[in-house]
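A.B. asks: So that we are looking at the same thing, I have put the structure below in structure tokens.
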Amino acid sequence: METHSGNVLLLATGGSIAQTSPNDPTLTGEALLEAIPKLRGSANVRVEQIAQVSSPDITIENWLQLANRINTALADDHIEGVVVTHGTDTLEETAYFLNLVVQSDKPVVVAGAMRRPYSLGADGAANLYNAVSIASSTGAKGRGVLVTLNGEIHSARDVTKTTSNLDAFRSPNFGPLGFLVDDRARFYRSLERRHTKNSVFHIEAGVLPSVAIVYGYADVAPDILEAVIAAGYKGIVWAGTGSGSVPKSIRLAAAKAVREGVVFVRASRINSAPIKRNDEVDDHALGFVTADSLNPQKARVLLMLSLAQTSDPLEIQELFDTH
Ligand code: ASP
């Protein structure tokens with residue numbers, strides 16, 4: 001039998017992996033472990049229930065709670081790694097938040113399931129088993145927060161949910177960092193951007209500045225953007241077409257918001273390669289920030305954390321270019 005030597009902390013939050021009926025993620029973290037006989041007696045996994053929700057209901061308060069718990073746990077010499085179980089819909093946002101604020105190089109692995117436990121071919125048990133295996137492996141150390149489903153290991157920064165199939169989680173433009181081979185983590189590359197111990201972010205602040213995402217489409221009118229600005233959001237991520245383009249109809253309203261102190265980040269609604277600065281849009285003159293290769297939902301996470309430190313667009317650009 002495959003053995004795991006590590007002491008791993010499992011933080012359960014709900015999601016389809018814990019879903020016993022179409023509407024209820026009621027299985028506890030304990031129950032999830034119980035369903036994996038292969039883990040019993042091999043890994044030493046302690047469980048704490050952080051939430052019991054479907055992931056569209058995950059809140060920033062949950063993120064802060066998870067981050068605080070992980071930071072305390074990983075400061076303990078006896079804990080080698082942390083696994084978080086999470087619904088797949090917002091999994092990438094939680095994972096990227098943790099990637100920016102966890103203060104340890106020990107493994108943190110986020111896992112979910114595309115099929116519920118009562119479905120034929122349910123993937124939750126395998127994904128959780130793999131997550132524990134990765135969290136107790138030395139190879140995972142120092143690679144930032146990781147996400148595993150479908151036998152793949154992805155960086156929290158790059159991964160996104162792309163479909164509703166078993167292979168839903170992909171890292172467009174980059175690919176996975178590694179795979180599970182014979183139940184063991186095998187890595188082929190690392191994340192170059194700053195993360196965990198090397199990120200500049202902390203979570204001392206209990207509240208994060210509000211950031212909204214506004215979607216771009218053909219013939220978009222500025223009224224939605226103007227309503228978001230009027231609502232007092234400190235930052236706006238523009239989920240633009242193609243390489244984050246901003247139509248002329250939007251530029252005026254966006255530039256006015258920037259002059260009033262709102263930070264406007266240009267991202268893309270497609271899985272774009274890095275957004276090019278000052279290409280078609282004069283970002284420098286308009287005071288816009290570009291999201292590099294982050295999708296809009298991840299750009300929002302980074303912008304919230306950045307705004308807790310500064311509202312200077314050039315300083316924020318530097319954070320987007322490095323994290
Ligand atoms: N509704 C679920 C959630 O995100 C979907 C899933 O976990 O796959 O919590």
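A.B. asks: Take the residues of the range 20-43 that are surrounded by 14 or more Cβ atoms within 10 Å (Cβ to Cβ) and among the polar types (S, T, N, Q): which is nearest to Ala111 (Cα to Cα)?
C.D. replies: Checking each candidate, the answer is Thr28.
A.B. asks: Looking only at the range 127-136, decide whether some residue is assigned to a loop (DSSP other than H, G, I, E, B) and either touching a residue at least 24 places away in the same chain (Cβ under 8 Å) or in contact with a Pro (Cβ under 6 Å, 6 or more places away or on another chain) (or both).
C.D. replies: Residues of the range 127-136 that are assigned to a loop (DSSP other than H, G, I, E, B), as a first pass: 136.
Remaining after also requiring either touching a residue at least 24 places away in the same chain (Cβ under 8 Å) or in contact with a Pro (Cβ under 6 Å, 6 or more places away or on another chain) (or both): 136.
Yes, there is a match, as at least one residue in the range 127-136 is assigned to a loop (DSSP other than H, G, I, E, B) and either touching a residue at least 24 places away in the same chain (Cβ under 8 Å) or in contact with a Pro (Cβ under 6 Å, 6 or more places away or on another chain) (or both).
A.B. asks: Please verify whether Val207 is farther than 22 Å from Asn278 by Cα and modelled with pLDDT under 95, treating the condition exactly as stated. Lay out the reasoning, then the answer.
C.D. replies: Details: farther than 22 Å from Asn278 by Cα: yes; modelled with pLDDT under 95: yes.
Answer is yes for this residue.
A.B. asks: Enumerate the helices (runs of 4 or more DSSP H) found wholly within the range 1-115, keeping only those where 3 or more residues are touching a helix residue (DSSP H, G or I) at 6+ places or on another chain (Cβ under 7 Å).
C.D. replies: Details: elements: 29-34, 60-74, 91-101.
Of the helices (runs of 4 or more DSSP H) lying wholly inside the range 1-115, those with at least 3 residues that are touching a helix residue (DSSP H, G or I) at 6+ places or on another chain (Cβ under 7 Å) span 60-74, 91-101.
A.B. asks: I've got another one for you. Could you say which residue among Arg170, Arg194 is under 23 Å from Gly81 (Cβ atoms) and surrounded by fewer than 21 Cβ atoms within 10 Å (Cβ to Cβ)? Write out each step before concluding.
C.D. replies: Details: Arg170 fails: under 23 Å from Gly81 (Cβ atoms).
None of the others qualify; the one that does is Arg194.
A.B. asks: I need the full set of residues from the range 281-295 which are among the hydroxyl-bearing types (Ser, Thr, Tyr) and part of a loop (DSSP other than H, G, I, E, B), in order please.
C.D. replies: Let us first name the residues in the range 281-295 that are among the hydroxyl-bearing types (Ser, Thr, Tyr), namely 290, 293.
Within the range 281-295, Ser293 is the sole residue that qualifies.
A.B. asks: So which residues in the range 301-315 are within 20 Å of Thr196 (Cβ to Cβ) and not in a loop (DSSP other than H, G, I, E, B), if there are any at all?
C.D. replies: Taking the range 301-315 and keeping what is within 20 Å of Thr196 (Cβ to Cβ), we get 301-306, 308-309.
Within the range 301-315, Val301, Leu302, Leu303, Met304, Leu305, Ser306 qualify.
A.B. asks: Can we say Val220 is over 17 Å from Val145 (Cβ atoms), touching a helix residue (DSSP H, G or I) at 6+ places or on another chain (Cβ under 9 Å), touching a residue at least 24 places away in the same chain (Cβ under 8 Å) and crowded, with 20+ Cβ neighbours inside 10 Å?
C.D. replies: Details: over 17 Å from Val145 (Cβ atoms): yes; touching a helix residue (DSSP H, G or I) at 6+ places or on another chain (Cβ under 9 Å): yes; touching a residue at least 24 places away in the same chain (Cβ under 8 Å): yes; crowded, with 20+ Cβ neighbours inside 10 Å: no.
Judged against the criteria, Val220 is not a match.
A.B. asks: Right, next: Go through the range 19-72 and give me each residue that's more than 12 Å from the ligand (Cβ to nearest atom), among the β-branched types (Val, Ile, Thr) and over 16 Å from Ser133 (Cβ atoms).
C.D. replies: Thr20, Thr26, Thr28, Val47, Ile50, Thr59, Ile60, Ile70, Thr72
The values are calculated or read from the model by the stated rules, or taken from the named source; none is laboratory data. Bear in mind that the values here come from a model prediction, so they are computed numbers and not experimental data. Cβ atoms come from the backbone with ideal geometry, glycine included; neighbour counts cover every protein chain shown.
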